[in-house]
Amino acid sequence: MFNQTRPTISIIIPVYNTAMYLEQCLNSIHKQTFKDYEVICVDDGSSDNSYEILEKYKTIIKNYKVIYQENQGVSITRNTGLKHVNGDYIVFIDSDDYVEENFLERLYNEASKTKSDIVICNFYRYYDNHNINIPVLLKKGKGLYNNDAILKSLIPDILIHSYLWNKLWKRELFDNIEFPNIKYEDIAIMCDLFYKANKISIISDSLYHYRIRKTSIVRNYSISTQNDYVKSYGFIRLFLKKQNIYDEYKFYFSLLSIKVYFVMFFINIFLFSNYKNINTTLDNFASCYKFISNANSSKFNYSLEELMALNVLHPLSDSKKKSAEN
């Protein structure tokens, strides 16, 4: 059922073929000690029985809505959820993850007490194959911060990370912001969200269980996924350009650039087994280096349209495939 009264917190859950984990996720929400929330589940064209499970919970969870759409990817799915929120705050929960019973209560109480626009909690990495929860130890200390202090940790991806799901967001932060249609869409908009926040609170409680599945790790090594990773890096540079603050955060962006370069270096090595062509690998090395060098220049000249069309990794062309096979 869905109640039309305005809730305090809107929970957005993008769903795609996660039937195996979905009930654990929804049960963890149903057990929340904080009850003033709405749940917006967006099924992105699942081909398993995720939709049937979602429908079943209409009789279990109050103020609960299910939206079905043809498969369009998680970015569009989250944007769909944002169009339906009614709460003062937003949380995102992935449908294969689950949360502690006091997840909402602890985040909301902190936001109310400190008047924070964003509240960040710690989380567990849950290794699905081994049924092990490990809390994150390397993180920014608890306390109140302004956006400048957070950006200096967020941009280089040190101590603060671009995860949507371990955070409570003031609804207004998403005004005029939507997720770009790429993977790593959270990285792409995270700086914009924090830049709009006046006060950010970090608490030490581990309240979210982030499931790590073997299949999701393997998918991260595809060419298209890694091209989107570089695009999300480009979105950060575009943000710095748009706000005219590149010089202020140049050092922190350079730290991120080093990380991105090494990630792409090892991805290229990994993908060599697919190419089996040294020229393609060298071309991709050069393409990555060229873009990262451009991003670290004050003359960075990419538009949003050019960034979305960017592919620094290229698969083996048909002609090169024939050459490699001969």
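The values are calculated or read from the model by the stated rules, or taken from the named source; none is laboratory data. Quick caveat, the model's predicted, so the values are computed rather than measured. Because the Cβ atoms are built from the backbone with ideal geometry, glycine has one as well, and the counts that use them run over all protein chains shown. Calculation scope for accessible area: heavy atoms of the full protein, side chains included, ligands and nucleic acids excluded. Shrake-Rupley method; radii C 1.70, N 1.55, O 1.52, S 1.80 Å.
Here is a yes/no grid of residues against (1) of a type in the set (A, V, I, L, M, F, W, C); (2) closer than 23 Å to Tyr163 by Cβ; (3) in contact with a Gly (Cβ under 9 Å, 6 or more places away or on another chain):
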| residue | (1), (2), (3) |
| --- | --- |
| Gln32 | no, yes, no |
| Asn49 | no, no, no |
| Ile61 | yes, no, no |
| Asp88 | no, yes, no |
Residue check, Ile29 without any contact (Cβ under 8 Å) to a residue 60 or more places away in the chain, open to solvent by less than 10 Å² (accessible area, probe 1.4 Å), among the hydrophobic types (A, V, I, L, M, F, W, C) and under 19 Å from Leu168 (Cβ atoms): no
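Just to confirm my filter: which helices (runs of 4 or more DSSP H) fall fully inside the range 176-288 and include at least 3 residues that are touching a residue at least 24 places away in the same chain (Cβ under 8 Å) and in contact with a helix residue (DSSP H, G or I) (Cβ under 8 Å, 6 or more places away or on another chain)?
185-196, 223-242, 250-275
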Among the residues listed as Leu168, Leu144, Leu104, Leu138, the single one being touching a residue at least 24 places away in the same chain (Cβ under 8 Å), surrounded by fewer than 18 Cβ atoms within 10 Å (Cβ to Cβ) and farther than 23 Å from Gly234 by Cβ: Leu144
Residues satisfying the stated conditions in the range 174-199, i.e. in contact with an Asp or Glu (Cβ under 7 Å, 6 or more places away or on another chain) and among the aliphatic types (A, V, I, L, M): Ile177, Ile182, Ala197
Residue in the range 70-90 that is more than 16 Å from the chain's Cα centre (by Cα), open to solvent by less than 60 Å² (accessible area, probe 1.4 Å) and free of Cβ contacts under 8 Å to residues at least 24 places away in the same chain present: no
Subset tally (residues that are over 24 Å from Arg125 (Cβ atoms) and open to solvent by 30 Å² or more (accessible area, probe 1.4 Å)) for the range 178-218: 6
Single condition Asn17 does not satisfy, out of (1) open to solvent by 20 Å² or more (accessible area, probe 1.4 Å); (2) of a type outside the set (Ser, Thr, Tyr); (3) within 22 Å of Ser162 (Cα to Cα): (3)
Matching residues, the range 114-127, being within 15 Å of Ile200 (Cβ to Cβ) and either open to solvent by 10 Å² or more (accessible area, probe 1.4 Å) or assigned to a strand (DSSP E or B) (or both): Thr114, Lys115, Asp117, Ile118, Val119, Ile120, Cys121, Asn122
Among the residues listed as Tyr64, Tyr37, the single one being within 27 Å of Ser201 (Cα to Cα), of a type outside the set (S, T, N, Q) and touching a residue at least 60 places away in the same chain (Cβ under 8 Å): Tyr37
Matching residues, the range 48-70, being of a type in the set (Lys, Arg) and touching a His at 6+ places or on another chain (Cβ under 7 Å): Lys65
Looking only at the range 289-325, and only at residues there that are in a helix (DSSP H, G or I) and hydroxyl-bearing (Ser, Thr, Tyr), the one that is modelled with the highest pLDDT: Ser293
Single residue of the range 265-276 satisfying the filter (farther than 30 Å from Glu248 by Cβ and open to solvent by 20 Å² or more (accessible area, probe 1.4 Å)) that is modelled with the highest pLDDT: Phe266
